[in-house]
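Reviewing the structure listed below.
The values are calculated or read from the model by the stated rules, or taken from the named source; none is laboratory data. What you are looking at is a predicted structure, and each value in this text was computed from that prediction instead of being measured. Neighbour counts run over all protein chains shown; Cβ positions are idealised from the backbone, glycine included. These area figures cover heavy atoms from the full protein model, side chains too; ligands, DNA and RNA do not enter into them. Shrake-Rupley method; radii C 1.70, N 1.55, O 1.52, S 1.80 Å.
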Amino acid sequence: DPAKVLDPEKTTVQTADKSTSVSVNQQPASASAVSIMQDFFITFMSDYADVSMGQFKMPVSWEGYNGSSKLLFPERAAVARKWGDKRDIGLRVDKKLFDEKLYYSLSILNGEGQNKADSNNQKDVGLRVEGYPIKEIMVGAVGYMGVTERNRGGTKDRVEGDFRIEMANALFQAEYIRAWDVPATGADRVKGHGFYAAAGYTFFDHLQPIARVGYIDSDVDGNATGASDEVWVYEGGLNYYLQKHEAKLQASYSVFDYDQLKTRHELIFAAQVSF
């Protein structure tokens, strides 16, 4: 993904009293990985298991685990961006079974993150299971944890529940994620959780108004931040499908209502074409 590469530029500015000068970055540090390398893996396929080795997405968050081309909004939900949509290097075994009524994905990962070589003995293990009682309904669950050396900085555990139903032009989906993280300093684990619920309805096979409500608290006890960092997110949008997800226009408006910080508003327009 070439758009991930952002070359930081430095500039020199004077202090307020003009007594000295300091060098600073003109653009802030990116919240996501900036390497061009996203996914690269080799898969050995069989009837009951496809075994992949390389770099791919960790199985946390239904929106994060799946591709961006079929997202309901231009951006993933806040909780999906916080704990999902992340890559690592390792081994994955996955497959849809029983006439595609069951999907499983078992991953053993370095736990270092995207484009980083392993530097310790700890590994991350994640299991995603999705059930499809009928084609239009998905119920999913995820368990993810670091194994061995669990008190070291960077250890992360996750549990998750997902639900999605799409029928008769109506769609509803929701996720809940609970997370436990050991800070890089090796201090007490930080507990966080969050969810979102989204719904939409398609008129005339092309026009889809959508709405989403989300919540995230990345430090429930305030141990790391010393204060509440809760945020509620209220979003509305409109999709126009020229040719389903192969060609579409999107617009969304989001309100981020923070517990401590100033409320933030975000307006996004997006266009997508695939070929």
Please give every one of the lysines within straight-line cross-link reach of Lys244, meaning a C-alpha to C-alpha distance under 16 Å, and leave out same-chain neighbours fewer than 8 residues apart. Lys70
If I compute solvent accessible area with a 1.4 Å probe over the protein chains, what percent of it on the chain is carbon and sulfur? 59
Which pairs in the list Lys95/Lys123; Lys191/Lys248; Lys96/Lys248; Lys123/Lys262; Lys96/Lys123; Lys116/Lys191 are over 32 Å apart, alpha-carbon to alpha-carbon? Lys191/Lys248; Lys123/Lys262
Assuming R0 = 22 Å, what is the FRET efficiency of Thr15 and Lys262, from their Cβ-Cβ distance, to the nearest 0.05? 0.25
Length gain on complete extension for the stretch Phe204 to Asp118, per 0.36 nm per residue less the alpha carbon to alpha carbon distance? 25.9 nm
If you place +1 on the Cβ of every Lys and Arg and -1 on the Cβ of every Asp and Glu, how big does the dipole about the Cα centre of region 139-179 come out, in debye to the nearest 20? 240
Run the paramagnetic zone check for Asp221: 7 angstrom along Cα to Cβ, then residues of region 152-175 with backbone nitrogen under 15 Å. 157
Compute the relative contact order of the chain as a whole-number percentage, counting only Cα pairs closer than 8 Å that sit 6 or more residues apart in sequence. 10
Order the peptides 163-170, 176-183 from the highest to the lowest mean number of other Cβ atoms within 10 Å of their residues. 176-183, 163-170
Dipole-positive endmost among Phe44, Val60, Ser218 within the chain (Cβ charges, Cα centre): Phe44
Give a quick list of GluC sites (Glu not before Pro) in region 47-118 that DSSP marks as loop, anything other than H, G, I, E or B, with at most 11 other Cβ atoms within 10 Å. Glu100
Loop-resident sites, region 200-275, for trypsin sites (Lys or Arg not before Pro), counting at most 13 other Cβ within 10 Å (DSSP): Lys244, Lys262
Ranked packing of 234-241, 204-211, most packed first, by mean Cβ within 10 Å: 234-241, 204-211
Mean shadow area (nm²) of the C-alpha convex hull around the chain is 17.8
Rounded, prolate or oblate: which one fits region 194-272, using the alpha carbon gyration tensor with axes a ≥ b ≥ c (rounded when a/c is under 1.5, else prolate when a/b beats b/c, else oblate)? prolate
Using a Förster distance of 30 angstrom, determine the FRET efficiency expected from the C-beta separation of Asp188 and Ile108, and round it to 0.05. 0.65
The chain - charge dipole about Cα centre, Lys and Arg +1 at Cβ, Asp and Glu -1, debye rounded to 20: 240
Any idea what diffusion coefficient region 70-181 gets from Stokes-Einstein, in µm²/s, Kirkwood Rh on alpha carbon pairs, 37 °C, 0.692 mPa s? 211
